[in-house]
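Have a look at the structure below before the remarks.
The values are calculated or read from the model by the stated rules, or taken from the named source; none is laboratory data. Worth saying up front: this structure is predicted, and the values here are computed from it rather than measured. Cβ: placed from backbone, ideal geometry, glycine included. Neighbour counts: every protein chain shown. Just so you know, the surface numbers come from the protein's heavy atoms only, side chains and all, with ligands and any DNA or RNA stripped out. Shrake-Rupley method; radii C 1.70, N 1.55, O 1.52, S 1.80 Å.
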Amino acid sequence: MTPSPVPLSGSRFQNEPAALYREMRLEHGPVVPVVLDGGIPAWLVLGYRELHQLTGDTVLFSRDSGLWNQRSAIPDDWPLLPIILRRIPLGDAPSAAGLRERAAVSSGALEDVDLFELRGLTERFADELIDTVCGTGEADLVADYAMRLPLQIIAALCGFTDEQGPGLVTALNDLLDGQERANDGLTHLVTSATELLAARRARPADDMASWMVGHGNGLSDQEIVESILEIAVVAHQSTADWIGNSLRLMLTDERFAASLFGGRSSVAQAMSEVLWEETPLQNWSGRWASRDTYLGGRQIRAGDLLLLGLQGANHDPHVRTPGAAQSGGNNAHFSFSHGEHRCPFRAQEMAEIIAGTAIEVILDRLPDVDLAVPADSLTYRPSPWMRGLTALPVKFTPTPALRPAT
Ligand code: HEM
């Protein structure tokens with residue numbers, strides 16, 4: 001009997017993902033038939049070799065969602081659409097050439113970011129966030145810190161003012177929650193980005209929005225706004241979860257607890273281990289087959305959707321011994337994907353600087369930081385896409401703010 005497709009939902013993605021991927025692999029092999037909410041079929045590619053093939057062959061496995069053989073069956077308000085299309089659609093779906101053009105503009109704007117300044121910016125915003133909690137002796141390092149920091153930095157790099165940062169953070173977090181405030185969040189983000197572009201067209205400055213306006217190669221304002229929001233969505237939540245998951249590892253694992261006091265190398269080691277063990281984007285969208293083909297022994301039809309099983313591939317027994325933790329130095333994981341559409345190298349460097357600096361600032365400012373709850377009571381958000389904590393409550397000796405509130 002053919003095993004039935006696996007629903008890409010449910011509490012096991014949250015509570016025991018490693019066991020779930022192991023079972024899927026045993027039952028279905030490296031390319032797993034899955035079904036998304038609403039009964040939409042797709043393939044989840046968990047095999048390391050197969051994921052390499054999927055992300056490496058951009059002609060056979062395209063990013064062009066126009067190829068999707070299920071698109072006519074899907075209503076425009078399907079809640080998973082922004083995740084599957086990986087964009088907040090403000091207009092028609094871009095063609096493959098349009099996608100490439102936008103990716104080039106986004107990458108160019110990121111290349112223009114000064115990494116030395118980025119470190120300084122991260123330290124400044126991190127210090128400001130810690131100033132708001134350091135006097136109390138307790139904090140939730142997810143809500144008060146990790147979920148606030150990356151977007152505040154990306155917003156400043158784009159050209160938004162410091163005063164606009166917190167409002168944009170709230171709007172994006174509301175949008176990503178997908179609850180009743182999601183639409184208001186989207187409106188706030190689109191209006192703010194559109195106003196920023198108008199201001200930069202009138203008077204360019206030294207920021208990513210001005211770079212995109214100047215080098216946009218004919219992209220419309222709407223397309224540039226979509227590109228800015230795309231960067232914000234992929235950068236914010238994934239970097240926030242990288243910070244949160246690495247801090248959890250350092251606060252709960254004895255190997256790191258011993259060196260928590262000023263242990264710089266242990267920060268890099270924890271961050272690297274998280275990319276192998278519980279990467280922020282556990283499954284991600286997506287590619288569409290441009291013709292009938294085979295992958296991992298499965299027959300794939302033209303227009304089928306294939307999802308990137310990034311965490312599953314990182315745990316593929318063909319590339320590692322089950323149960324053995326991967327340590328620093330080995331970067332052959334799939335956490336940033338692979339091939340032409342992978343996370344741009346400059347973006348990876350930026351994420352590493354933001355996450356690493358964010359953790360170092362915590363260790364500097366709150367040297368005796370410790371978990372305020374039992375480690376086994378920590379919970380993850382219910383998502384088959386992202387891997388991130390709902391909260392990380394900590395306690396520490398209260399210290400004065402660097403810049404007390406006036
Ligand atoms: C400063 C932080 C970051 C920035 C600015 C950023 C930027 C981007 C951009 C622009 C893309 C789209 C590339 C394209 O469509 O061609 C992308 C894709 C992606 N990013 Fe990042 N990113 C950041 C952090 C991260 C982190 C922390 C992770 C995970 C650990 C991550 C994983 C990915 C993945 C898996 C993709 C999809 C690649 C694919 O489809 O093959 N990113 N990122």
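Quick look at the values:
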read-out	value
Long-range neighbours under 6 Å by Cβ, at least six apart or interchain, first residue more than 16 Å from Leu157 (Cα to Cα) within the range 225-248, second near the ligand (Cβ under 8 Å from one of its atoms)	Ser238/Pro280; Ser238/Leu281; Ala240/Pro150; Asp241/Pro280; Trp242/Pro280; Trp242/Ala355; Ile243/Ala355
The listed residue being among the β-branched types (Val, Ile, Thr), surrounded by 14 or more Cβ atoms within 10 Å (Cβ to Cβ) and farther than 26 Å from Gln222 by Cβ, out of Thr122, Thr194	Thr122
Enumeration of residues in the range 375-406 that are assigned to a strand (DSSP E or B) and within 26 Å of Leu176 (Cα to Cα)	Tyr380, Met386, Leu389, Pro393, Val394
Options Ala73, Ala42, Ala103, Ala97: the member that is open to solvent by 40 Å² or more (accessible area, probe 1.4 Å) and over 30 Å from Thr194 (Cβ atoms)	Ala73
Residue check, Ala209 more than 16 Å from the ligand (Cβ to nearest atom), closer than 21 Å to Asp162 by Cα and in contact (Cβ under 8 Å) with a residue 24 or more places away in the chain	no
Of all residues in the range 309-344 being polar (S, T, N, Q), part of a loop (DSSP other than H, G, I, E, B) and crowded, with 19+ Cβ neighbours inside 10 Å, the one that is modelled with the highest pLDDT	Ser335
Hey, Ser238 within 14 Å of the ligand (Cβ to nearest atom) and closer than 15 Å to Ala109 by Cα or not	no
Filter result for Arg22 (within 22 Å of His341 (Cα to Cα) and either open to solvent by less than 50 Å² (accessible area, probe 1.4 Å) or among the basic types (Lys, Arg) (or both))	no
Unique residue being under 23 Å from Pro280 (Cβ atoms) and either in contact with a Pro (Cβ under 9 Å, 6 or more places away or on another chain) or of a type in the set (Asp, Glu) (or both) when the list is Glu128, Glu123	Glu123
Test result for Ile83, more than 16 Å from the ligand (Cβ to nearest atom) and of a type in the set (Val, Ile, Thr)	no
Breaking point among (1) open to solvent by less than 70 Å² (accessible area, probe 1.4 Å); (2) assigned to a loop (DSSP other than H, G, I, E, B); (3) modelled with pLDDT of 90 or more, for Val59	(1)
Index of the failed condition, Gly56 passing every other in (1) small (Gly, Ala, Ser); (2) within 15 Å of the ligand (Cβ to nearest atom); (3) within 30 Å of Thr379 (Cβ to Cβ)	(3)
Residue, surrounded by the fewest Cβ atoms within 10 Å (Cβ to Cβ), within the range 241-251, restricted to residues that are of a type outside the set (A, V, I, L, M) and more than 11 Å from the ligand (Cβ to nearest atom)	Arg248
Checking Ala126 against (1) touching a His at 6+ places or on another chain (Cβ under 8 Å); (2) within 15 Å of the ligand (Cβ to nearest atom), the condition it does not meet	(1)
Lone unmet requirement of (1) exposed (fewer than 14 other Cβ atoms within 10 Å of the Cβ); (2) within 16 Å of the ligand (Cβ to nearest atom) for Asp184	(2)
Residue pairs meeting the criteria (Cβ under 6 Å; at least 6 apart or on separate chains; first among the aliphatic types (A, V, I, L, M), in the range 361-381; second part of a helix (DSSP H, G or I) and surrounded by 18 or more Cβ atoms within 10 Å (Cβ to Cβ))	Val361/Ala126; Leu371/Leu251
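Residue by residue, here is whether (1) open to solvent by less than 10 Å² (accessible area, probe 1.4 Å); (2) in contact with a Leu (Cβ under 7 Å, 6 or more places away or on another chain); (3) more than 13 Å from the ligand (Cβ to nearest atom) holds:
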{"position": "Gly297", "(1), (2), (3)": "no, no, yes"}
{"position": "Thr357", "(1), (2), (3)": "yes, no, no"}
{"position": "Glu360", "(1), (2), (3)": "no, no, yes"}
{"position": "Asp368", "(1), (2), (3)": "no, no, yes"}
{"position": "Leu371", "(1), (2), (3)": "no, yes, yes"}
{"position": "Pro374", "(1), (2), (3)": "no, no, yes"}
{"position": "Ser377", "(1), (2), (3)": "no, no, yes"}
